[in-house]
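Bear in mind these aren't lab numbers, they're just calculated from the coordinates by the rules spelled out. Remember, predicted model here, so these are calculated numbers, not experimental data. A quick note on method: Cβ atoms are made from the backbone with ideal geometry, for glycine too, and the neighbour counts reach across all protein chains shown.
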Amino acid sequence: CGLNRNLAEQNQALRDTIDDLTRAEQRISVLETAARRIARMVSHNAERILQVRLLDFILIIGISLVLGALFNLQNPKGLSFFPLPRPDAAKTVTAPEALRLLSREKALLIDARPREFFELGHAPGAINVPPSLFDALYAANFNDEDPERPMVIYGRTVSRLYDEMTARKLINRDHEEVYLYLGDPGNLSVKGEAHKMRNRMSAWIRHPALALMARFYLGGIFIYASLNKINFPAEFSDNIAAYLLVPYFLVYPMAILLPWIELVSGVCLVAGIRVRASAAVICTLLGIFTLAVTVVLIKKTPIDCGCFQNVGDPVSLLTVGRDLIWLAMGIYVYKYDRFIHLDRLFMIKPEDLNPS
């Protein structure tokens, strides 16, 4: 009888052990299923983070445009989005009419372009009166000038209507006979020689840490480059106009909004927010900058780059090389950066945790 009781107790203990093992196996199966689901969610969200979506571009550009416009509105040094219309008192003349005014009525011929363009070539007998130096030059040369003497003004580019700006200032000084010559004097064209540039890219080590350093450096460069332009939009507009590539009615909007695109893209790059979209925006900007500087070098136009400061940074082959290196860094970041992305902290949405 005692032996039977022992066997019954052992059998019950064995059944309890088997039940515990069965429940443990079920729990392990549930955990494995949950782990596979989490791995799929992480993989899905990681792929989504690495994709460059149109919405990312729209958000970066949209935020930049809104910030730029709002800052410009309250900035004492802000610009009007578009230039003033042509003064009504300024009459346009053709080449024969301009020659008649110069020969018969002793009109004064004024070249309104900046000094560096004037020195590259100008019409015979022209006096250089750029708008930026108008007050000083007028006080030195025109105080005793007869207000009724005709003045023929020329000098405009695709990016800046220097002639209209100087004409407006003369009209404000009570000069009555102000004429605009919109043609191109024959001896003004300066033909540039083709420049061939060869740039070699160094082989980059494909390590995420190096891409992270490149990302921080490139983002910091764009943040730093944007600050001076944001604070001095008028001076930056002069830099844009000097390239002779942007239509005059887009110069002011570009001067107001472009620095904010640089700032927002740089901040996103440093913070790790939509890194690939930010890198794509920065690479696009660098491609445009490099093309513009290349055209200026081909034309041999003596201007400042305007990249970090308004003066003292003339364009050169070093400028092109520098922009190409930064462009290569942007492409490198776009392709290989994987470390410290702030937006990855929020890549798993609450609805993704709900079982299907």
*Residue-by-residue Karplus 3J(HN,Hα) for the range 244-251, coefficients 6.51, -1.76, 1.60, Hz, glycine and proline x*: 6, 10, 9, x, 4, 6, 9, 5
*By counting other Cβ atoms within 10 Å of each Cβ, how are CYS283, CYS307, CYS268 ranked from fewest to most?*
CYS307, CYS283, CYS268
*Between LEU99 and ARG338, what is the spin-label point distance in nm, taking each point 7 Å from the Cα along the Cα→C-beta axis?*
7.2 nm
*Rank the residues VAL315, VAL333 as a footprinting-exposure proxy: fewest other Cβ atoms within 10 Å of their Cβ go first.*
VAL315, VAL333
*Please list, in chain and number order, the residues 5+ apart from SER316 or on another chain whose amide H is under 5 Å from its amide H, with Hs placed from the backbone.*
none
*Residues with amide H under 5 Å of ASN128's amide H, sequence separation 5 or more or different chain, H placed in the peptide plane at 1.01 Å from N; which?*
ASP111
*Whole-Hz Karplus ³J(HN,Hα) for the range 158-168, in order, using 6.51 cos²θ - 1.76 cosθ + 1.60 and θ = phi - 60°, x for Gly and Pro?*
5, 9, 8, 8, 4, 5, 5, 5, 5, 4, 4
*Separation of the ALA39 and LEU245 label points, Cα + 7 Å toward Cβ, nm*: 5.0 nm
*In sequence order, what are the phi-derived ³J(HN,Hα) couplings for the range 80-86 according to the Karplus relation 6.51 cos²θ - 1.76 cosθ + 1.60 with θ = phi - 60°, rounded to whole Hz, with x for glycine and proline?*
6, 5, 10, x, 5, x, 4
*What order do you get for 272-280, 57-65, 222-230 when each peptide is scored by the mean count of other beta carbon atoms within 10 Å, highest first?*
272-280, 222-230, 57-65
_Square roots of five times the Cα gyration tensor eigenvalues for the range 68-183, Å_ = 27, 15, 15
*Separation of the LEU291 and GLU9 label points, Cα + 7 Å toward Cβ, nm*: 9.1 nm
_Residues whose placed amide H lies under 5 Å from that of LEU108, excluding near-sequence neighbours_ = MET151, VAL152
